[in-house]
Amino acid sequence: MLRSMLLGAAGNDRLRHVVTRAPLSREVVRRFVAGDTVSGALTQARKLHEAGHLLSFDYLGAPAVDRVSGAEEVQRLRDLLGALATEGLAEGSEISLSVLEAGLLIDRAAALENAGEVCRAAAEVGAFVTLEMQTHQQVDRTLAIVRTLRERFPQTGIALQSYLHRTEGDIAGVLQPGSRVRLVKGTHEEPESVAYESRHEIDLSFVRCLNLLMSGDGLPVIGTHDPRLVAIAKERAAWHGRSRSDFEFQMVYGVAPGLARSLVEAGYQVRVRVPYGEQWYGYFMRRMAERPANLLTFARAIARA
Ligand SMILES: Cc1cc2nc3c(=O)[nH]c(=O)nc-3n(C[C@H](O)[C@H](O)[C@H](O)COP(=O)(O)OP(=O)(O)OC[C@H]3O[C@@H](n4cnc5c(N)ncnc54)[C@H](O)[C@@H]3O)c2cc1C
């Protein structure tokens, strides 16, 4: 209920005005958003890199609605990749890309062309792309796009959500040698006709999917901050004979930094997804909605503003 209200508030213009302007709420925002610009993202990325984390970048854009906005999205990511190369941070870095931002609302061909451009620019500097997963209506089209991209860029990753009933069945189709599959619980509001509702069922599905990934050919990427699932992933990887470099954990900037640090210290690969960009408001509200404790901090900052 509270979560739905907050997700609804993401579209409220007055609240958007307060959150984006008030200096105190900006402090809370800074915990979850690395910056408005590439240079803000790079400042935080450098610190994470020095602390032994791998990097993923998430430009917080809006869905491309025409050819011009699709081309602008590609250019922004080219600029990011250029800056990463200059900083010596491009090699092995990940670019997270949404098919909507790539142009799926225009048509599938535009999304494929734009995503292909980003994959090519990434490959030129030693980086790679992972496609984010949006709502269940986009799963088939996103899977089709990743399959086509992998013909030229086999390392291209895909995110799959354990809350969807279909995900266990989707895994076999995306496991290829060297290809990355990022397993997450899922963050959108989905109907019970397509998604598990209870945390317990979502977690059980996560573990079933985890087993399929760990026993398969691709590179499993475990995108969670849930310490119980992190422990299960470690155990399952060992059981399937995977070394610590044969899979990776991924976490979001500002969430569970202590857990990320302890995994790095124990020799695991941990990639942190660094979100940046001017359109950070919707992203920030989703992070707030994920955890009741965030709401309290956020509400206090708004009240003081
Ligand atoms: C790298 C990465 C990529 C992702 N990509 C996608 C995607 O493509 N599509 C998609 O639908 N979802 C994506 N997600 C989001 C994901 O689906 C979950 O919504 C999110 O990760 C929270 O779930 P959790 O597994 O951490 O478990 P939870 O049970 O939600 O959280 C476990 C613990 O982590 C901490 N925590 C979690 N979230 C927060 C927060 N916002 N603030 C503070 N503490 C928190 C808390 O301590 C909590 O108890 C991604 C997540 C990650 C880490």
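Descriptive notes on the structure:
- Cα-centre dipole for the chain with unit charges at Cβ (Lys and Arg positive, Asp and Glu negative), debye to 20: 860 debye
- For the chain, DSSP calls about 5 percent of its internal beta bridges antiparallel.
- For the chain, adding -39500 (n - 2.57) for each run of n ≥ 4 DSSP H residues and dividing by the number of residues yields -16500 deg cm²/dmol at 222 nm.
- Farthest toward positive dipole pole in the chain [+1 Lys/Arg, -1 Asp/Glu at C-beta], among Phe128, Leu55, Asn114: Leu55
- Cα-only radius of gyration and Dmax that characterise segment 34-279, units Å: 17.0, 49
- Selected from Ala266, Ala122, Ala289 as most flexible by GNM, with the chain as the system and alpha-carbon contacts under 10 Å: Ala266
- Choice from Gly157, Gly178, Gly241 with maximal GNM fluctuation in the chain (Cα, 10 Å cutoff): Gly241
- Here the dipole of segment 111-234 is about 400 debye; that uses its Cα centre as origin and unit charges on the Cβ of Lys and Arg (positive) and Asp and Glu (negative).
- Dipole-positive endmost among Gly92, Phe206, Val29 within the chain (Cβ charges, Cα centre): Val29
- Dipole magnitude of segment 61-156, debye to nearest 20 (Cβ charges: Lys/Arg +1, Asp/Glu -1, about Cα centre): 280 debye
Quick note: the coordinates plus some simple rules give every number you see, no bench work behind them. Note that this is a predicted model, so its numbers are computed, not measured. Glycine gets a Cβ as well: all are built from the backbone with ideal geometry, and neighbour counts include every protein chain shown.
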